[in-house]
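No lab work stands behind these numbers, since they all come straight from the coordinates. Just so we're clear, the structure is a prediction, and the values are computed from it rather than from any experiment. Glycine also receives a Cβ, built like all others from the backbone with ideal geometry; neighbour counts cover every protein chain displayed.
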Amino acid sequence: QVQLVESGGGLVQPGGSLRLSCAASRSIFSIYAMGWYRQAPGKQRELVASITSGITVYADSVKGRFTISGDNAKSTVYLQMNSLKPEDTAVYSCNFRTLADFSYWGQGTQVTVSS
């Protein structure tokens, strides 16, 4: 059973930065999309950023502040988060999707932006 393990979350002041990492416990064959999602208390899970064949997509709320990058061969994905705001507070989860339509999820890492 493949597991995705996230790291890098924590408490940061507004305006600060964090870098999230997500790595698979073993190589995943034929990844075609990697993404980061977040869910704040009382809200639905939303897509933050995704990368598919080198093409990146960002939620409007994070454009210009967050950067997603990934390495399909290493089954890893990163999310660089700058200029963090209190409204970015959420549990962030990574997701890998394969050509065979398998979907893998991480357990989530808490990001709290507060002074």
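For the chain, relative contact order (Cα pairs under 8 Å, six or more residues apart, normalised by length) works out to 37 percent. Amide H contacts for THR89 (H built 1.01 Å from N in the peptide plane; partners 5 or more residues away or on another chain; cut-off under 5 Å): VAL113. When peptides 13-24, 38-49, 70-81 are ranked by their average number of other Cβ atoms within 10 Å per residue, the highest-first order is 70-81, 13-24, 38-49.
Over the chain, the alpha carbon radius of gyration divided by the compact-protein estimate 2.2 N^0.38 Å works out to 1.01.
Hull volume per residue, based on the alpha-carbon atoms of region 17-68 and their convex hull, is 114 Å³.
Compactness of region 73-115 is given as radius of gyration and Dmax, 13.4, 44 Å, from Cα positions.
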